[in-house]
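The values are calculated or read from the model by the stated rules, or taken from the named source; none is laboratory data. The structure presented is a predicted model; accordingly, all values stated were derived computationally and were not measured. Please note: Cβ atoms are built from the backbone with ideal geometry, for glycine as well, and neighbour counts cover all protein chains shown. Heavy atoms of the whole protein, side chains included, go into the accessibility calculation; ligands, DNA and RNA do not. Shrake-Rupley method; radii C 1.70, N 1.55, O 1.52, S 1.80 Å.
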Amino acid sequence: IDQPYFDTSTPHGRAFVNQSMMWAELEAQNDSTRIIDVFNNKVKYGEVLSGKAPRGYSIVDKHLVPNDDAPMIRDIFEYYRQTTSLGRTLKKLKDDYGVVMTLSNLRQSILTNKKYIGVFRDNDHYCEPIIDRDLFDAVQALMSKNIKINQKYNYIFSGLLVCNDCGYRICGCHINVLSRGHRYKYPAYECKRAGSPYYTCCNKGEIREKTVEEYMITHVEDAFREYMAEYHIKSSPAADNRNKKSGIKRKLDRLKDLYLNEVISLDEYKRDRIELQKQLDEIPDIIEPVKDFTPMLHALDYTFKHMYHSFDNVQKRAFWQSIIKEVRISHSENRHRQYHIIFL
């Protein structure tokens, strides 16, 4: 506006300034679109966007290629799946590989990095994977349970217990008991929503860890048999509908030809097309595969109780997380809580 050839005191001068600003803004937006298109094209062809590569990869000819640190990444994923402890995983990185990083860096740059399974943005084959997808998915499921790493006591059922009354996770705590002049501490669990400052849940009182553990050992086998029976009843085999969908698609093509050849009117074409498209959308493509219960059956074989008592708390927690998605606990008037086991 300060330029002498922009006369903003006249309508034509102000219009010229506005037009100049509009074209400048358009060019700036076009630059942004061009950059985004270039990045999307690089991702499409598996090229890196910067000179920084995740640990375990090197940049070769603009592509990510696994290097000598790849076995370390696989080891870290396996170790976390076994221990479910971020703190112990950090310690292993430092002790075994001399790598020091923060907790957030471990989460973001390694354990949740999809590039390790070859995925980046919309490209499922962005680079050569280092981690098997099943292992990656298992680690994500464990991390979503948000087990604390700074707790002094390793709670066996961390992240597995859910209050059926309010839907929130039941957290670990300790019960202090004074008996004959001695103070004893017992590991337990409680719904935080039932106490201060919320008081929004009726599932009050602590549940001793020993009580939960005894219930699980006693009832898990029967609960699993009921779960398998219900699953087999509900998942009766259904026909593969892919051929049926292909037939409807051929009808749509023939309908289009009839309209183009003026055999049917536009209204008839629209009406029949909507009906066929509705049928097509309602038919599923591929039937869900039948769940394989073999791993769980092996975990719950006749020797599991004997082996279970030889585990420490970390191993017990890993065992339950390998077969249990969550355990929902409901409040009862006579303080005998009800348990509902949900399997993976």
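Tally time: how many residues in the range 163-205 are in contact with a His (Cβ under 9 Å, 6 or more places away or on another chain) and either closer than 21 Å to residue 320 by Cβ or aliphatic (A, V, I, L, M) (or both)? Please lay out each step first, then the result.
In the first step, residues of the range 163-205 are kept if they are in contact with a His (Cβ under 9 Å, 6 or more places away or on another chain); the result is 163-165, 185-188, 191, 194, 201-205.
Still in the list and also either closer than 21 Å to residue 320 by Cβ or aliphatic (A, V, I, L, M) (or both): 163-164, 186-188, 191, 194, 203.
Residues that pass the stated criteria total 8.
Is it true that residue 147 is touching a Gly at 6+ places or on another chain (Cβ under 8 Å), modelled with pLDDT of 90 or more, open to solvent by less than 40 Å² (accessible area, probe 1.4 Å) and outside any helix (DSSP H, G or I)?
Working: touching a Gly at 6+ places or on another chain (Cβ under 8 Å): yes; modelled with pLDDT of 90 or more: no; open to solvent by less than 40 Å² (accessible area, probe 1.4 Å): yes; outside any helix (DSSP H, G or I): yes.
In short, no.
To keep it simple, each residue is scored yes or no on (1) within 15 Å of residue 136 (Cβ to Cβ); (2) touching a Ser or Thr at 6+ places or on another chain (Cβ under 6 Å); (3) assigned to a helix (DSSP H, G or I).
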site: 55; (1), (2), (3): no, no, no
site: 58; (1), (2), (3): no, no, no
site: 75; (1), (2), (3): yes, no, yes
site: 87; (1), (2), (3): no, no, yes
site: 94; (1), (2), (3): no, no, yes
site: 105; (1), (2), (3): no, no, yes
site: 109; (1), (2), (3): yes, no, yes
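When residues of the range 312-330 are filtered for being basic (Lys, Arg), within 15 Å of residue 143 (Cα to Cα) and open to solvent by less than 30 Å² (accessible area, probe 1.4 Å), how many remain?
1
I'd like the full set of residues that are surrounded by 11 or more Cβ atoms within 10 Å (Cβ to Cβ) and at pLDDT 65 or above, limited to the range 279-297. Steps first, answer last, please.
At the first step, the residues of the range 279-297 found to be surrounded by 11 or more Cβ atoms within 10 Å (Cβ to Cβ) are 279-280, 283-284, 287, 291, 293, 295-297.
Scanning the range 279-297 gives 279, 280, 283, 284, 291, 293, 295, 296, 297.
Kindly indicate which of 49, 26 is modelled with pLDDT under 90, open to solvent by 50 Å² or more (accessible area, probe 1.4 Å) and more than 35 Å from the chain's Cα centre (by Cα).
Answer to the check: 26.
Which members of the range 111-138 meet the condition of being part of a helix (DSSP H, G or I), hydrophobic (A, V, I, L, M, F, W, C) and at pLDDT 90 or above?
111, 117, 135, 136
Given the conditions (1) modelled with pLDDT of 80 or more; (2) over 30 Å from residue 319 (Cβ atoms); (3) open to solvent by 70 Å² or more (accessible area, probe 1.4 Å), report the number of the one that residue 264 does not fulfil.
(3)
What are the residues in the range 5-17 that are part of a helix (DSSP H, G or I) and surrounded by 10 or more Cβ atoms within 10 Å (Cβ to Cβ), if any? So that I can check it myself, show each step before the final result.
Step one: of the range 5-17, the residues part of a helix (DSSP H, G or I) are 11-17.
Of everything in the range 5-17, those that are part of a helix (DSSP H, G or I) and surrounded by 10 or more Cβ atoms within 10 Å (Cβ to Cβ) turn out to be 13, 14, 15, 16, 17.
Among (1) surrounded by 15 or more Cβ atoms within 10 Å (Cβ to Cβ); (2) outside any helix (DSSP H, G or I); (3) at pLDDT below 85, there is one condition residue 333 misses while meeting the rest; what is its number?
With respect to (1) surrounded by 15 or more Cβ atoms within 10 Å (Cβ to Cβ); (2) outside any helix (DSSP H, G or I); (3) at pLDDT below 85, residue 333 is out only on (1).
I want to confirm something. Restricting to the range 115-128 and keeping residues that are in contact (Cβ under 8 Å) with a residue 12 or more places away in the chain and crowded, with 17+ Cβ neighbours inside 10 Å, which single residue is nearest to residue 60 (Cα to Cα)? Give the derivation first.
Of all residues in the range 115-128, those in contact (Cβ under 8 Å) with a residue 12 or more places away in the chain come to 115-117, 120-123, 125-128.
Cutting the leftovers down to crowded, with 17+ Cβ neighbours inside 10 Å gives us 115-117, 120, 126-127.
Working: 115: 16, 116: 16, 117: 18, 120: 17, 126: 14, 127: 11 Å.
By that ranking, first place goes to 127.
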